[in-house]
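Reading through the structure tokens given below for one structure.
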Amino acid sequence: MKADLVIKNARVVDHDGEFFGGVAVTNGCIVLTGTNDALPDAARVIDAEGRVLMPGVIDPHCHLGVNYPYDEDMRSETAAAASGGVTTVLLYIRNKSGPYVPFYKERRAVGEANSLIDFGFHFGIQREEHIHEIPDIVRETGVRSFKCYFGYEPDNPIGIVPATDGWVYATMRHLKQIPGGVISVHCENTGIATWLKDEMKATGRQDLGVYSESRPAFCEEETIKRMIFLAERTGCPLHLVHTSVGQGPVLAAEARGRGIDVTVETCPHYLTRTCYDPDLDMKAKISPPLRDRGELEGLWRGVLDGSVYSLGTDHVPFVPKKGEDIWKEVPGVVSFPWELSLLLHFGVHQRGLSLSRLVQLNAYHPARRFGMWPRKGSLQAGADADLVLVDLDEERTVHHTGHGHCIYEGWTLKGWPVLTVSRGDVIYENGVVTESYGRGRCIIRPD
Ligand SMILES: [Zn+2]
């Protein structure tokens, strides 16, 4: 047997352990994972020289086509993702006007015509009709993951329609009936945040901290508790997206102990940045906000003890931010190219995070939660050959040239992806992304 591609001499790390050897790939799939002497010959053989080979990163949380055209984002941002070792992205996407089935067909077709890597969708509940459509959407699109948003006041700058508890309850009731169904919730108490925002606005402050203080950690904790309560009542699996408070993983762990299916996602920015960092200004506005050092360390405890389930970037490329008024500024930053490196630097090197635990957080668990495992997030024979080769010792400085706002500019990080493979194709190598746009496939499809 001659394979298409073999990567050998690698420290191969999966979600449950590691060994020395490599993988063999044929027709885009892994055909063998084993020691060097078990690997077949191949059309191309890559010597990993002892570096770390892991499943490609699955980023289950990004927003593309929000500000730049969707087709453009699906090229530029999936290329940025490939350079960061990301091989699958899931888009949280909202249809503000009509039903989701035609929307899905259009987004899938345009995505497949432009994307460099595989992708899929979660849909936002933005109208009552969307809730009634859930059974049709699941049947016609394969999407089983829906998001409700709290914390967005009526005049929010990105036009998100906030959920009511009624919407969440009704959505949960539907999803409970659907195998693999899961609700994602943006947890912040809308009413308190709206009230405090008016108070904070009156102070005239425009620093990043005032935005965070206008929606304090307890706003998020309150909604997390309420969502856990509703998940318990309905039996619906609950995913807490972009958790920014240290109590998030604590509350979820306590609920899981009572048998409630609740999982916590956090993002690289909440693990590496605070709203009081002196070099940050209103352009670092993110929703939920960056918080203080205590919350940051609380989240790291959750990452290290297993109560944080997965990572997502919440990558969203906006046209250059104005920096004029913090209350009107759009919230969000980009992080596809650096998420893995940030976790290697601050997690693996600084805090002793194990590489297997990192694979759980950024590949295995997202694949499990959103119905992609074992096709994605696995190194077993038969899985898609989505791989990232990492140099743990390489030091490189972040210099962002693409779309969106970067809050890591000038940081020197240790540990970088050096080669990315998507379904057997090398798409990033020697610092260069192969621009074969339109090879990515939508992996969330009707059964
Ligand atoms: Zn988001």
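If you wrap the Cα atoms of the stretch 342-447 in a convex hull and average its projected area over all directions, you get 8.4 nm².
One decimal place: the segment N27-S354 gains 114.6 nm when fully extended, by the rule 0.36 nm per residue minus the C-alpha distance.
Each peptide among 51-60, 250-259, 414-423 gets the average number of other Cβ atoms lying within 10 Å of its residues, and from highest to lowest they stand as 51-60, 414-423, 250-259.
Approximating the spin labels as points 7 Å out from Cα along Cα→Cβ, the I158-to-D41 distance works out to 5.3 nm. Packing order of peptides 361-372, 120-131, 150-161, highest average first: 361-372, 120-131, 150-161 (average count of other Cβ atoms within 10 Å over each peptide's residues).
With the highest mean first, a sort of the peptides 311-317, 167-173, 339-345 on other beta-carbon atoms found within 10 angstrom per residue produces 311-317, 339-345, 167-173. Solvent exposure of the chain amounts to 36 Å² per residue of accessible area, where only protein heavy atoms count and the probe is 1.4 Å. Annotation: extensible slack from N67 through D198 equals 44.5 nm (criterion: 0.36 nm per residue apart, minus Cα-Cα distance). Within the same chain, lysines fewer than 8 places from K96 are excluded, and of the rest, those with a Cα less than 19 Å from its Cα are K105, K147.
For the stretch 133-246, what is the Kirkwood estimate of the hydrodynamic radius, computed as the reciprocal of the mean inverse distance between distinct Cα atoms, to one decimal in Å?
On the way: mean 1/r = 0.0660 Å⁻¹.
Answer for the stretch 133-246: a Kirkwood hydrodynamic radius of 15.2 Å.
If Rh is defined by the Kirkwood formula over all Cα pairs and Rg also comes from Cα, what ratio Rg/Rh do you get for the chain? Across the chain, the Cα-based Rg/Rh ratio is 0.95. Highest mobility in the GNM of the chain, judged by mean-square fluctuation with C-alpha springs under 10 Å and restricted to S97, S76, S145, is found for S97.
Taking a 1.4 Å probe, which of F103, F19 shows the most accessible area, and what order do the others take after it? The partial results should precede the final answer.
Values: F103 25, F19 75 Å².
Descending accessible area places them as F19, F103.
For E222 and K322, compute 0.36 nm times the residue count separating them, minus their Cα-Cα distance, and round to one decimal in nm.
Details: separation 100, 0.36 × 100 = 36.00 nm, distance 3.20 nm.
Between E222 and K322, full extension yields 32.8 nm more.
For the pair the stretch 117-163 and the stretch 21-41, the centres of their Cα atoms are 40 angstrom apart. Spin-label model, R301/K105: points 7 Å from Cα along the beta carbon direction are separated by 5.2 nm.
For K2, the aspartates and glutamates whose Cα falls under 15 Å of its own Cα, not counting residues fewer than eight places away in the same chain, are D37, D41.
In the stretch 67-100, whose amide N lies under 11 Å from the spot 7 Å out along Cα-to-Cβ of E129? List them in ranges. It comes to 96-100, nothing else. Taking L39, L358, L238 as the candidate residues, the one with maximal mean-square fluctuation in a Gaussian network model of the chain, Cα springs under 10 Å, is L39.
Taking the Cβ of P60 as the center, what net charge do the other residues with Cβ under 9 Å away carry, scoring Lys and Arg +1 and Asp and Glu -1?
Details: positive: R369; negative: D59, E265.
Net of charged neighbours comes to -1.
Electrostatic bookkeeping for C406 treats Lys and Arg as +1 and Asp and Glu as -1; over the other residues with beta carbon under 15 Å from its beta carbon, the sum is -2.
The values are calculated or read from the model by the stated rules, or taken from the named source; none is laboratory data. Here the structure is a predicted model, which is why all the values come from computation and not from measurement. Here Cβ is always computed from backbone atoms with ideal geometry, including for glycine, and neighbour counts include all displayed protein chains. These accessible areas exclude ligands, DNA and RNA; they are computed on the full protein's heavy atoms, side chains included. Shrake-Rupley method; radii C 1.70, N 1.55, O 1.52, S 1.80 Å.
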